[in-house]
Ligand SMILES: [Zn+2]
Ligand SMILES: [Zn+2]
């Protein structure tokens, strides 16, 4: 099916510095059952800029830890060639994107609404397309289950179905956001869903304020404002990536397009596109890498997203200036 769940993904440098969470024999749930979770994942078929090199590592069987997305769902990856062959949603040169608030924001109120503008601006920079805030929409009553979750939940697939056909012609992709909790039938909750071909996606802010759990000690603490923002940005970018037909990433550790099974797994991942997924979106959306990385670094600095700011600033410096780009000598 064309839908994928969850969100995802630290900069590879952090991942590299982080001690292994599980001793080697325990590393892979699937390996212990005689299978290899990444056995059928093809190598990336791109020649990436050397600038990516120090930051990114390939995923390995040791990443298929018990409880992880990869231990639960078989993923086959998506090469650059497969991406092109898929016939991805490829918007016109100037096609804008639309971000829409759904429902009453009864759960988080103003705290939730306050995230809309940073989300809008970040999507605009990330995908290098104008993003507007659309008129608020309603959550579909038929998707509601009052007996699920702590405060009731909405069936994410039913919500997505209600959005089908609603993305205006000429718009590159439409993303809806709610602070209601979402589920799909096989999973207790999902962070969001993005459709590969219908230019619609939905994501939930409901769980963004849940405690941050230290993966080594199990200690829990309330997230700081910047951590809530980072969580929100990850989901929004991930679901919009699906709308541009980018599949779950099983090629590089910590890519924002990886599937995640829990908020803890999502917290471990980064806000960045790995070299392969960067190549897909660069090809599809034809953005200027140096401009995009520079704007991302500026946004990250302004919002206190310090590790991300360091990565994007380094990447911006490493990218060539385009011959027609303004702002300095070639
Ligand atoms: Zn996903
Ligand atoms: Zn990736």
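The values are calculated or read from the model by the stated rules, or taken from the named source; none is laboratory data. Bear in mind the structure is a predicted one, so any value in this text is a computation, not a measurement. We place every Cβ from the backbone using ideal geometry, glycine too, and count neighbours over all the protein chains shown.
When you look at residue 134, is it assigned by TED's automatic domain parsing to the domain that holds residue 276 and at pLDDT below 95, yes or no?
Answer is no for this residue.
So residue 25 fits all but one of (1) more than 25 Å from residue 193 (Cα to Cα); (2) modelled with pLDDT under 85; (3) within 16 Å of ligand 2 (Cβ to nearest atom); what number is the exception?
The failed condition is (3).
Evaluate the following for residue 196: is it surrounded by fewer than 24 Cβ atoms within 10 Å (Cβ to Cβ), closer than 18 Å to residue 120 by Cα and within 16 Å of ligand 2 (Cβ to nearest atom)? Reasoning before the result, please.
On the way: surrounded by fewer than 24 Cβ atoms within 10 Å (Cβ to Cβ): yes; closer than 18 Å to residue 120 by Cα: no; within 16 Å of ligand 2 (Cβ to nearest atom): yes.
Considered against the rule, which asks whether it is surrounded by fewer than 24 Cβ atoms within 10 Å (Cβ to Cβ), closer than 18 Å to residue 120 by Cα and within 16 Å of ligand 2 (Cβ to nearest atom), residue 196 comes out as no.
Based on this model, can you work out whether residue 118 counts as within 21 Å of the chain's Cα centre (by Cα), in a loop (DSSP other than H, G, I, E, B) and modelled with pLDDT of 95 or more?
No: the conditions fail for residue 118.
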